[in-house]
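The values are calculated or read from the model by the stated rules, or taken from the named source; none is laboratory data. It should be emphasised that the depicted structure is a prediction, and the values quoted were computed from it without experimental measurement. Don't worry about glycine lacking a Cβ; one is built from the backbone with ideal geometry, like all the others, and counts go over all protein chains shown. The area values use the complete protein model at the heavy-atom level, side chains included, leaving out ligands, DNA and RNA. Shrake-Rupley method; radii C 1.70, N 1.55, O 1.52, S 1.80 Å.
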Amino acid sequence: MSLQHLDECCLFAIIRMLPAADAGRMMCTSRLHALLVDENQKDPWFVVKRGNGDSLCDVVGQLVGAPTIGVAYTTADSFEATIEGLRRLPPCELIGGCGSIYQTVEPGANDVFIPEEDSEELSLSLCSLPSAHARSFFLPSSTLSDEAMLAETLDSLCASGGAAIRMVILLAAMNAPSDSFDPKEVVEGLQQRLPGCAVVGGVTRCPLLQVQQQVVHQHGAGVVGLLLRGEVPLYAATSRGTNRISPVYTVSKALSFQAGPLHGSLIAELTADGNSNTPYESFVDAMQPLRVRCAPVYYGLKQQGAVGFTLNPITNTSFYAMIGALIVPDEEKDSVQGGEVCFYQLTKDASKADVKATLTSIHDEIQEQNKSLLGAFLFTCNGRGEHMFGEPAADAAVFRSMFPNTPLHGFFAGGEIGPSAMADREGSAFASGDKCTVQGFTAVYAALVVPARNTDGVVSRWESEGLDNPMQLLLAGLRKDAGQPRSERTESHCVWIGRAKRVTAAAGRSHARPACWSACGLQCESNSATEFVSDNVHAPGAIQCPDLLQWKFELVVAKALKFAGVVAPGAWWEECQPWYLTASPSLAQFLW
C-alpha cells in the first residue's frame, strides 16, 4: 500500500500529529498536502517546555505552527540564559516573571514537575490562537502609583482597535516597599473599561520580561500583560474550597455607605428562620463552635440572579462597629437588599475537594459539548503547597489526574488574579462575565478549549460550501490534472496558484514562505515558494516525486503514525520494509 492511496481525511489526521518542521517538509511533496497543512494551521495549540536557556529552542520541534503568545518563568541564576533563549524563539508576544516556583505538567508525564530551590531550569509555554490578535504591554510602578496617569494609560490600552478584547493575562511584581502599588487597581480599571472581559494572572517577582517580535525587554517593578482580541478560546475558572459554618441568611436591611474614598453599602440586618440579628452577631455565632479559628474565614454574598456566593475575607475592617453592620464595598444598596449571606471557613479537605469538583465540572462540560482541552495556565496561591496539602503541587496534580495528556503551565503566586472565588456555585465552572479581582488562597485556571476537530468532516465541509468554492474545485481537479503537461492542466491548477500566493504572502511577506516554514525557520528550496509549491511538485496519484523527497515524506508520516499509536511494527511495516531497507538499512531501528 502506498501512502499516495490514502484519502484526504486520513492524510489530514496524519498532518495533525506532525510538528511544524515535519509538516513543512510534507507540504513540499504535493499541492494537496500543502492545502491540508494550511488548513491545520488554523487550529489552536498549546505546548509546555522546561529546561535551561539553551534548550528553549528545542520547543520549536513541538510547534504545529507559528505561536501567538507565550509565558515564561525563570530564576535569578538562569535569567541571562533565559533572555538568550527567548531571542531565538519564533516571533510572538510573550511575558514572564522571575523568582517564582513554577509548575509544569507535560503530556504523558507521571507527575507534576517543580524545580529544586537552587535549580537553574526555567519553564516556557507557547500558545497559538490563529483567530486572535495579541499585544503585550508594561506598566511601570510610577504609572501605577499615579491615579490620573494610570487612568490615561488604561484608556489608551483599551481603546477600540478592531475586535473586542476577550482576555487579559497579567504578571505583577514589586522590588521594594517604595515600589508599593495595588495590582487590584489595574484589574478593576480593566474591568470598568472592558465589561465581561476575563482578567487572569498573578503576583510574581522582579525582574519582569516582555518579548515583542524577538526583542526581549527587561523591566523592574510594575505589571506586564497580554491583551487578547478576537476569537480567544481561553476560559477562566477559580477554585478556593470552603466549608459552610452558618445558616443561609437573607439580607433584610441594607443601607448606603460612604466614608472618604470608601463607598458601597452596609448590610445592617440578617434574617434566618424568622430570627433577625446584626451580621456581627451572626458571625460570632458561627465562630463559637469552631475548633480551628486561625484558618481564613469569609462571608459569602449571593446577589439576586447570581450563580453562587462570592467569597470575601473577614478582616478587622469588615464590620462597621457602631451598629455591627457588614461593609460591602463598591456595591449599591439595591443590589444587596434581598440577597443571601453565609459564612465559610477555608479548610484543606474542602480546598482539595473543590479543585476536583471544579475540574470534574470542566471535564464533563467539555465532553458534553464535544470540545477538547488543549492546555491550561495555572495561577495558584503560594500557601496552597505542601504546608497546606501535604504534597507540593496539589492543584496541578489534580489537573494531571483529570487530563493526563494535556499540558499545564503555572506558578505559585503571591496573589492570584482571576474571577472572584465562589462557594456553592451552580452551573458551569467557567466564570463567563464574572467580576475579576486579586485574591488569595485560590487556584485560577485559564483553559484553552476548542471544538473537537472531526477530520472526517474536513473535505465534506469544503465540498458543502458550493461548486464555485475554490477548495472544491481544487479537490475535484487535483487528481485529474496530476502528471499532465502544464498546457493540459485543468482550471483547478490556476485556482491553486492563486491560493498558494495568498498563503505565502500572508504567512511571511519578507521571505514568501508558508506559515509552518516560518515557524520552524526552514528555508524554501526554490527562489519562489509559490512557484515551488504550485509548479515544481506533483499531486497525489502521479508517482513522480524524487526518491529522496518521497523518502523524507514517508519517514515523517511513519513517525507520526507510530507516535499516535495508529500502527505498530506489524503488517503495515512489513509491507513497506523492502523499500525502507533499501533507502536506509538503519531505518527500522530508528523508527521502532
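Out of curiosity, is Val328 more than 39 Å from the chain's Cα centre (by Cα), outside any loop (DSSP other than H, G, I, E, B) and modelled with pLDDT under 95? Steps first, please.
Numbers: more than 39 Å from the chain's Cα centre (by Cα): no; outside any loop (DSSP other than H, G, I, E, B): yes; modelled with pLDDT under 95: yes.
Criteria not met by Val328.
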Asn277 is checked against (1) closer than 30 Å to Pro140 by Cα; (2) surrounded by 16 or more Cβ atoms within 10 Å (Cβ to Cβ) and fails just one. What number does that condition carry? (1)
Which residues, taken from the range 293-321, are open to solvent by less than 80 Å² (accessible area, probe 1.4 Å) and not in a strand (DSSP E or B)? Ala295, Pro296, Gln303, Ala306, Val307, Gly308, Ile314, Thr315, Ser318
Are there strands (runs of 3 or more DSSP E) fully within the range 128-244 with at least 1 residues that are open to solvent by 70 Å² or more (accessible area, probe 1.4 Å) and at pLDDT 90 or above? List them. 132-140, 165-173, 215-219, 234-239, 242-244
Which numbered condition Ser351 misses (of (1) in contact with a Lys or Arg (Cβ under 8 Å, 6 or more places away or on another chain); (2) open to solvent by 40 Å² or more (accessible area, probe 1.4 Å); (3) in a helix (DSSP H, G or I)): (2)
Quickly run through the range 256-272 and pick out the residues that are open to solvent by 60 Å² or more (accessible area, probe 1.4 Å) and more than 41 Å from the chain's Cα centre (by Cα). Glu269
Go through the range 270-322 and give me each residue that's touching a Ser or Thr at 6+ places or on another chain (Cβ under 8 Å), charged (D, E, K, R) and free of Cβ contacts under 8 Å to residues at least 40 places away in the same chain. Asp285
Ala397 vs (1) at pLDDT below 95; (2) open to solvent by 40 Å² or more (accessible area, probe 1.4 Å): all pass except (2)
